[in-house]
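J.: The structure under discussion is supplied below as structure tokens; questions concerning it will follow.
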Number of protein chains: 4
Amino acid sequence: MTPEEIARASADRMWELDAVSVAQGMELTSVGPGDACVTMRVLPTMLNAHKMCHGGHIFTLADTAFAYACNSHGVSTVAQHCSITYLAPARLNDLLTAHAREVQVAGRTGVYDVSIANQNGLAIAEFRGLSRAVPKAPIGGAP
Amino acid sequence: MTPEEIARASADRMWELDAVSVAQGMELTSVGPGDACVTMRVLPTMLNAHKMCHGGHIFTLADTAFAYACNSHGVSTVAQHCSITYLAPARLNDLLTAHAREVQVAGRTGVYDVSIANQNGLAIAEFRGLSRAVPKAPIGGAP
Amino acid sequence: MTPEEIARASADRMWELDAVSVAQGMELTSVGPGDACVTMRVLPTMLNAHKMCHGGHIFTLADTAFAYACNSHGVSTVAQHCSITYLAPARLNDLLTAHAREVQVAGRTGVYDVSIANQNGLAIAEFRGLSRAVPKAPIGGAP
Amino acid sequence: MTPEEIARASADRMWELDAVSVAQGMELTSVGPGDACVTMRVLPTMLNAHKMCHGGHIFTLADTAFAYACNSHGVSTVAQHCSITYLAPARLNDLLTAHAREVQVAGRTGVYDVSIANQNGLAIAEFRGLSRAVPKAPIGGAP
């Protein structure tokens, strides 16, 4: 299998079991080695008291793109530490895209950056995730 | 009004408008000046491909406790940067508690820590949030 | 040996080899299980272009307190990820104290918080460090 | 002045006042709009008890590159929050390069990433900094 085929196969196995992403209306629009794009529309149920998209939903979108990117090499990998910086509010009906790409992998540790933008290309948030490979666990199985 | 009454009144205004927390079955179990506790049960729809609670849901729980704590002084305050470290998986039906408390406030910036534990007191995650006060915005209104 | 004696013995071994802390005039004022205090005076060579103490020196002070706290259990432990939030500038001749304490330890991962304050108790910065135990390495030896 | 000339002029003003970078033997090898490279050799005084370069020195190098990049637009800018992930140890005599580049600027907030590598291109650490513009302060003056 090529790296691209491994990334696609890992993503397919994960997506079947990924109740959260489906429930929030996410779509995996692309996946490759160390790279993934996921989109989500801001629904009325995602708004906080300020009528902006709740930071938790933006984080979850970014975290999902991160998960597909860091599992794209065919080795089961989990999130260890994540951080997010909010740059502009996302509003009702915005179509958000989270683009995750690999920055570095060193041993079992990986660093991934995820940029979240709206349909106009406006930066909404920047996310950075640290992953840790758990090679004995099957992707989509219990770690 | 006492600081405790201000915290309670701010929380009441936020909760009325907080569709996300209600939708995820969260409960605000206590609130005071710079302090808030929020609980959430892990539902089947919250599980990821590894059958653990999706990190996004744990983050959202912590972020909610952070929001109530940093808005507890009666000044509208938004999240600017958040980080989370995952320590142990949360499982189906676990009852998670997020306890947010103020670490420092300097000018318009605040630092808040949130500890997330399960029903047995096991540490699930540690969250740190940086807030920024936006004094002109009403709590629960558009910033 | 009691936990307190182990913490003191670990600190003594580290301090002998700790050229950086000595060179910057730091003092280890207390150490115990999961806990350490380190002080440093802001010297003219530590000022940045804004005439404030360079963030790197504040970080190094915090990182040193973190290192003594996370190595206090007698198991060699290294920093994996650190973050710092700057709250107020430190000025020439300020005497800074960094107080590190353990928040959580789960398996080989630890979370430590370090508060940095000046001689008046004013909060200068808040630091959070993630450690990873490397049990085979001697404290003060090559990892 | 072109953006490149503004970046160079800002850097020149900062460097004159930058006692810390000079004292640690750093060199500013390039600077442009939102971008800066700084090098540093690991000296015996920079080693920790594990005979690796102290994390504080690696942070300080990254923080310096960050400072030159975020001040490159001619507006005085300070660090607000920084995080660093350590990927591999730096050893005695290693020549480290920190390359800072702008990820996003939104209002007065900026996000900058800094990659630190050794003379063989091996990734040593990844740093992310959040900056805040303080337009009334002169670059190199008191904020």
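J.: Measuring from centroid to centroid over Cα atoms, what is the spacing of the stretch D:39-107 and the stretch C:120-137 in Å?
T.: 18 Å
J.: Given the rule -39500 (n - 2.57) for each run of at least 4 DSSP H residues, summed and divided by the residues of chain C, what is its mean residue ellipticity at 222 nm, to the nearest 500 deg cm²/dmol?
T.: Value at 222 nm, helices only: -7500 deg cm²/dmol.
J.: Cα axis of helix C:3-16 to longest principal axis of chain C: angle in degrees, 0 to 90, nearest 10?
T.: So the helix axis and the longest Cα principal axis differ by about 60 degrees.
J.: Taking the Cα centre of the stretch C:3-133 as origin, sum charge times position over the Cβ atoms of Lys and Arg (+1) and Asp and Glu (-1), and report the length of that vector in debye to the nearest 20.
T.: 340 debye
J.: Considering only the label points, 7 Å along Cα→Cβ from Cα, what distances in nm to one decimal separate B:L95 from the same position in each other copy, shortest first?
T.: Ordered by distance, the counterparts are at 4.3, 5.0, 6.3 nm.
J.: Name the residues whose placed amide hydrogens come within less than 5 Å of the amide hydrogen of B:T77, ignoring near sequence neighbours (fewer than 5 apart) on the same chain.
T.: Here B:V134 satisfy the definition.
J.: May I ask for the angle, rounded to the nearest 10°, between helix C:55-70 and the longest principal axis of chain C, with both axes built from Cα atoms and the value confined to 0 to 90°?
T.: Computed tilt is about 20 degrees.
J.: Taking each pair of distinct Cα atoms in the stretch A:3-133 once, what is the resulting Kirkwood hydrodynamic radius in Å?
T.: 14.6 Å
J.: Between A:K136 and D:N120, with labels modelled 7 Å along Cα→Cβ, what's the label distance in nm to one decimal, could you check?
T.: Here the modelled spin labels are 3.0 nm apart.
J.: Taking H as built 1.01 Å from N, whose amide H comes closer than 5 Å to the amide H of D:V103, not counting residues under 5 places away?
T.: HN-HN under 5 Å from D:V103: D:V111, D:Y112, D:D113.
J.: Show me, bin by bin at 10 Å from 0, the whole-percent P(r) of the protein assembly as shown based on Cα pairs.
T.: Distribution as computed: 4, 18, 29, 28, 17, 5, 0 percent.
J.: I've got another one for you. When chain B is treated as a GNM, springs tying every alpha-carbon pair under 10 Å, which of B:H50, B:H99, B:H73 comes out with the largest mean-square fluctuation?
T.: Comparing B:H50, B:H99, B:H73 in a Gaussian network model of chain B, the most mobile one is B:H50.
J.: Just to be sure I understand: with springs between alpha-carbon atoms less than 10 Å apart, which residue in C:S131, C:S83, C:S21 has the highest mean-square fluctuation in the Gaussian network model of chain C?
T.: Of C:S131, C:S83, C:S21, the Gaussian network model singles out C:S83 as fluctuating most.
J.: Arranged by the count of other C-beta atoms within 10 angstrom, fewest first, what order do A:M40, B:M52 take?
T.: Fewest to most other Cβ atoms nearby, the residues stand as B:M52, A:M40.
J.: Continuing with this model, one more query. Student exercise: in the protein assembly as shown, how many lysine pairs 8 or more apart or on different chains have Cα atoms under 27 Å apart? Write down the numbers at each step before the final one.
T.: On the way: A:K51/B:K136; A:K136/B:K51; A:K136/C:K136; B:K136/D:K136; C:K51/D:K136; C:K136/D:K51.
Final tally of qualifying lysine pairs is 6.
J.: Charges at C-beta only: +1 for Lys and Arg, -1 for Asp and Glu. How large is the resulting dipole of the protein assembly as shown about its Cα centre, in Debye rounded to 20?
T.: 0 debye
J.: Hey, another quick one. Please give, to one decimal in nm, the separation of the simple spin-label points placed at B:A19 and C:I6, each 7 Å out from Cα toward the Cβ.
T.: Placing both labels 7 Å along Cα→Cβ, they lie 5.2 nm apart.
J.: What does the structure give for A:88-96 when I average, per residue, the other chain Cβ atoms found within 10 Å of the residue Cβ?
T.: Working: counts 4, 3, 0, 0, 0, 0, 0, 0, 0.
Rounded to a whole number, the mean comes out at 1.
No value in this document is a laboratory result; all are computed from the given coordinates. Computed from a prediction, not measured in an experiment: that's the story for all the values here. Positions of Cβ are generated from backbone atoms using ideal geometry, with glycine treated the same way; all protein chains shown enter the neighbour counts.
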